[in-house]
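Here's the structure, in structure tokens; my notes come after.
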Amino acid sequence: MGKDERDVAVRRVHDVTFSQVMAITHSMVELGCPFSQSREFVYRMSVVHQLTEYQRITLLTHLNTKKL
């Protein structure tokens, strides 16, 4: 697998992981989990799965809009 193919594969995995974390976080909020616990989950999953800073910020922004 060449570098370009590897980069595309990594991006795909990050996109799938991002979508799953978004769905889980959304469900956590809808089911009444504390905001702090949901935020901690986003940070932990972002680090564990090496999501980009943009993806982490997007997840936190979504979480903050649900808090209101």
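The values are calculated or read from the model by the stated rules, or taken from the named source; none is laboratory data. Just so it is clear, the model here is predicted, and its values are computed rather than measured. We place every Cβ from the backbone using ideal geometry, glycine too, and count neighbours over all the protein chains shown. All accessible areas refer to the heavy atoms of the entire protein, side chains included, with ligands and DNA or RNA removed. Shrake-Rupley method; radii C 1.70, N 1.55, O 1.52, S 1.80 Å.
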Please count how many residues of region 1-15 are open to solvent by 80 Å² or more (accessible area, probe 1.4 Å) and outside any helix (DSSP H, G or I). 1
Only residues in region 1-15 that are farther than 13 Å from Q55 by Cβ count as the first member; pair them with residues that are open to solvent by less than 60 Å² (accessible area, probe 1.4 Å) and not in a loop (DSSP other than H, G, I, E, B), Cβ under 8 angstrom, at least 6 apart or cross-chain, and list the lot. M1/A9
Could you list, in sequence order, the residues of region 21-68 that are of a type in the set (V, I, T), surrounded by 13 or more Cβ atoms within 10 Å (Cβ to Cβ) and farther than 28 Å from D7 by Cα? V29
Got a sec? Which of V29, V48 is under 18 Å from K66 (Cβ atoms) and among the hydrophobic types (A, V, I, L, M, F, W, C)? V29
(1) surrounded by 15 or more Cβ atoms within 10 Å (Cβ to Cβ); (2) modelled with pLDDT under 95; (3) more than 16 Å from K66 (Cβ to Cβ): which one isn't true of F18, the others all being true? (2)
How many residues of region 42-68 are outside any helix (DSSP H, G or I) and farther than 19 Å from V10 by Cβ? The answer is 1
